[in-house]
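S.K.: I'd like to ask you about the structure that follows.
Taken together, the values in this text are just the output of simple stated rules run on the coordinates, not laboratory data. Please read all numbers here as calculations on a predicted model, not as lab measurements. Note: ideal-geometry Cβ built from the backbone for every residue, glycine included; neighbour counts use all protein chains shown.
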Protein chains: 2
Amino acid sequence: MDMVRLRIDLGYDGTDFVGWAKQPGLRSVQTELEIAIKTVCRLDGHPRVAAAGRTDAGVHARAQVAQVDLPADAIGLTPVELFIESLTYRLRGYLPRDIAIRRVQLAPPGFDARFSALSRRYRYRVCDDPRELDPWRRRDTLEYPRPLDVDLLNQAAALFMGQHDFAAFCRKKPRATTIRTVLDARWERRCDRRTGEPTAMIKMSITADAFCHSMVRSLVGGMLAVGDGRRDLDWLGEYLNQQERGPDVTVAAARGLILDHVEYPPAEELAARAQLTRSRRE
Amino acid sequence: MDMVRLRIDLGYDGTDFVGWAKQPGLRSVQTELEIAIKTVCRLDGHPRVAAAGRTDAGVHARAQVAQVDLPADAIGLTPVELFIESLTYRLRGYLPRDIAIRRVQLAPPGFDARFSALSRRYRYRVCDDPRELDPWRRRDTLEYPRPLDVDLLNQAAALFMGQHDFAAFCRKKPRATTIRTVLDARWERRCDRRTGEPTAMIKMSITADAFCHSMVRSLVGGMLAVGDGRRDLDWLGEYLNQQERGPDVTVAAARGLILDHVEYPPAEELAARAQLTRSRRE
């Protein structure tokens with residue numbers, strides 16, 4: 001049967017999900033989206049939705065990119081633009097309030113939400129004076145009980161730049177490489193817009209070709225240990241080089257983490273990029 | 001019995017409260033705080049907590065100011081600074097996660113959280129392209145389906161500046177004046193910190209000596225009707241002058257509203273200010 005691939009850009013509040021990926025009997029973003037598509041398109045079979053970043057339980061997404069393949073007869077004779085407009089409207093009506101559909105569009109030829117991606121950007125929010133945190137931001141911010149030095153955090157982030165084997169920061173999977181390339185990593189303390197004074201809000205942004213399971217949160221855990229003075233940069237550098245997971249680095253809480261952006265190459269390179277990624281991962 | 005007055009600065013996520021003020025059988029911030037104080041201070045009687053701004057159901061507070069009078073024997077022989085430090089710690093441990101104690105301190109002589117206040121500042125958050133809103137900000141942001149013109153919003157806000165009878169924007173209470181003085185009111189569209197581009201996030205800030213019941217949200221409703229072009233400035237000016245509530249102005253949703261700041265005079269003027277406010281209101 002002819003299939004039509006759609007690209008779906010979406011955001012979600014990860015608080016009440018077990019993560020992106022479906023797990024039997026539990027509430028996942030993938031399942032909610034699959035059920036919504038099946039229902040509003042009146043499909044017989046269960047559609048298979050894939051995403052650029054399989055976020056963990058509690059992790060939020062501002063700009064997740066997903067794809068779904070629909071049988072061409074689900075669209076029928078409706079002009080495809082009209083079908084997509086109507087689908088977008090009906091998905092927004094059907095989905096719960098913690099999932100937000102940004103945009104639905106026809107995927108260009110060769111597009112694969114996961115394997116065509118060039119890079120992912122994540123953000124992490126920390127408040128190093130919990131008394132200053134607005135209670136309604138406890139959903140997307142880590143409350144950190146010790147003051148953090150942003151210069152030290154940035155020196156720690158610099159250690160991760162470039163290509164490394166991040167095995168020390170990853171949950172191991174058999175026969176999967178843990179070599180990744182970090183393209184950018186930086187911390188910034190927010191200043192009050194009104195007064196210009198530094199606040200207790202600190203944000204990290206990190207971009208890599210891809211991340212292993214729980215890698216961003218482990219990197220954050222390692223950097224925070226340096227940023228609050230408990231550990232020094234040498235310790236973190238050695239930990240990275242040991243290439244094996246140890247008990248010294250804690251995984252930072254999921255609620256501070258947001259999938260912020262997924263970057264794709266120009267349309268004509270989508271298929272080649274997907275092929276290259278697949279061959280590297282396997 | 002000798003009483004000791006404490007000033008309590010706190011914030012809360014208003015989503016799951018019926019508002020500041022207690023209502024039998026319902027979850028209010030006042031009740032949560034009174035029970036917490038009674039419990040951690042092991043009081044026999046029920047303490048009476050009052051606040052600067054009696055926020056409605058769903059309204060948030062970044063900087064609510066409350067007060068409580070404790071019998072001096074609850075403090076006993078403990079140095080008062082130590083008692084307050086310990087009380088703060090225990091309150092933070094006891095209270096639910098949607099209430100955040102910023103600071104507890106001994107109230108200066110003559111201090112009255114409500115009647116000594118010179119002014120209150122509220123903020124309101126609107127997103128005029130709901131697709132752009134992060135789902136976890138739906139708790140503190142109004143999703144507005146029509147594009148808003150910030151210049152028009154600011155011209156509407158200017159109509160409210162100064163002293164007016166705001167009866168058209170207030171829920172009437174017998175024998176209570178609805179004359180208030182708006183000291184500042186402005187709207188601003190946020191720009192992306194990275195790109196400098198305007199975003200869909202619009203924030204209002206409004207300061208007045210005091211606000212009547214549901215007044216801020218009614219003012220916001222009136223300004224939004226002008227900002228999206230459905231109504232013009234003349235209409236809003238006439239509505240203000242008619243000094244009677246009409247069906248034309250909708251009360252904007254509570255979730256976008258935050259009590260942001262309460263201003264008090266210097267210590268030596270606290271008592272006189274409280275007396276002046278009381279005489280004016282009655």
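S.K.: With axes computed from alpha carbons, what is the tilt in degrees of helix B:80-94 against the longest principal axis of chain B, rounded to the nearest 10 within 0 to 90?
M.R.: Approximately 60 degrees, to the nearest ten.
S.K.: May I pose another question? Order B:129-137, A:261-269, B:159-167 from most to least packed using the mean count of other Cβ atoms within 10 Å.
M.R.: Packing proxy ranking, top to bottom: B:129-137, B:159-167, A:261-269.
S.K.: Place a +1 charge on the Cβ of each Lys and Arg in chain B and a -1 charge on the Cβ of each Asp and Glu, then give the dipole magnitude about the Cα centre in debye, rounded to the nearest 20. If you can, show how the numbers build up before the last one.
M.R.: On the way: 44 positive and 39 negative charges, 106 e Å.
Here the size comes out at about 520 debye.
S.K.: Could I ask something else about it? Give the lysines whose C-alpha is closer than 25 Å to that of A:Lys203, dropping any in the same chain fewer than 8 places away, or say none.
M.R.: Within reach: B:Lys203.
S.K.: Moving on to the next point. Using a 10 Å cut-off on Cβ atoms, rank the peptides B:183-191, A:201-209 from the highest mean neighbour count down.
M.R.: Descending packing order for the listed peptides: A:201-209, B:183-191.
S.K.: Right, next: Could you sort B:233-243, B:5-15, B:104-114, A:82-92 so that the peptide with the highest average Cβ count within 10 Å comes first and the rest follow in order? Write out the running numbers ahead of the final one.
M.R.: Values: B:233-243: 14.8, B:5-15: 22.1, B:104-114: 18.0, A:82-92: 16.5.
In descending order of packing, they fall as B:5-15, B:104-114, A:82-92, B:233-243.
S.K.: How about A:Lys22: which aspartates and glutamates have a C-alpha closer than 17 Å to its C-alpha, ignoring those fewer than 8 places off in the same chain?
M.R.: A:Asp13, A:Glu32, A:Glu34, A:Asp56, A:Asp98
S.K.: What residue among B:Thr39, B:Thr177, B:Thr78 has the largest mean-square fluctuation in a Gaussian network model of chain B, using Cα springs under 10 Å?
M.R.: Of B:Thr39, B:Thr177, B:Thr78, the most mobile in the Gaussian network model is B:Thr78.
S.K.: Would you mind giving the mean number of other chain beta-carbons within 10 Å of the Cβ of each residue in B:136-149, as a whole number?
M.R.: That average works out to 3.
S.K.: I've got another one for you. Using a label point 7 angstrom from Cα along Cα-to-C-beta, what distances in nm, from shortest up, separate A:Pro147 from the other copies?
M.R.: Output for A:Pro147: 4.7 nm, nearest copy listed first.
S.K.: Compute the angle between helix A:233-242 and the longest alpha-carbon principal axis of chain A, please, reported from 0 to 90 degrees and rounded to the nearest 10.
M.R.: Roughly 50 degrees, rounded to the nearest 10.
S.K.: What is the dipole size for the protein assembly as shown, taken about its Cα centre, with +1 at each Lys and Arg Cβ and -1 at each Asp and Glu Cβ, in debye to the nearest 20?
M.R.: 980 debye
S.K.: Let me have the 222 nm mean residue ellipticity of the protein assembly as shown computed from DSSP H runs of 4+ only, each contributing -39500 (n - 2.57), with the sum over all residues rounded to the nearest 500.
M.R.: Computed ellipticity for the protein assembly as shown at 222 nm equals -8500 deg cm²/dmol.
S.K.: Here's a follow-up. Where a Cα-Cα gap under 14 Å defines reach, which aspartates and glutamates qualify for B:Lys172, not counting those fewer than 8 residues away within the same chain?
M.R.: Filter leaves B:Glu244.
S.K.: What does the copy distance list look like for B:Pro24, label position 7 Å along Cα→Cβ, in nm and ordered from shortest?
M.R.: Ordered by distance, the counterparts are at 5.1 nm.
S.K.: Out of A:Ala208, B:Leu26, A:Ala272, whose Cα points farthest toward the positive end of the dipole of the protein assembly as shown (charges: +1 Lys, Arg; -1 Asp, Glu; placed on Cβ)?
M.R.: B:Leu26
S.K.: Now for a separate question. Peptide A:94-101: average number of partner chain Cβ atoms within 10 Å per residue?
M.R.: For this peptide, the per-residue mean of nearby foreign Cβ atoms is 3.
S.K.: What angle do you read, to the nearest 10 degrees and between 0 and 90, between the alpha-carbon axis of helix A:150-160 and the longest principal axis of chain A?
M.R.: Approximately 60 degrees, to the nearest 10.
S.K.: Still on this structure, please answer the following. Just to confirm the numbers: A:Arg42, label point 7 angstrom along the Cα-Cβ line, distances to the other copies in nm, shortest first?
M.R.: Sorted ascending, the copy-to-copy spacings read 7.0 nm.
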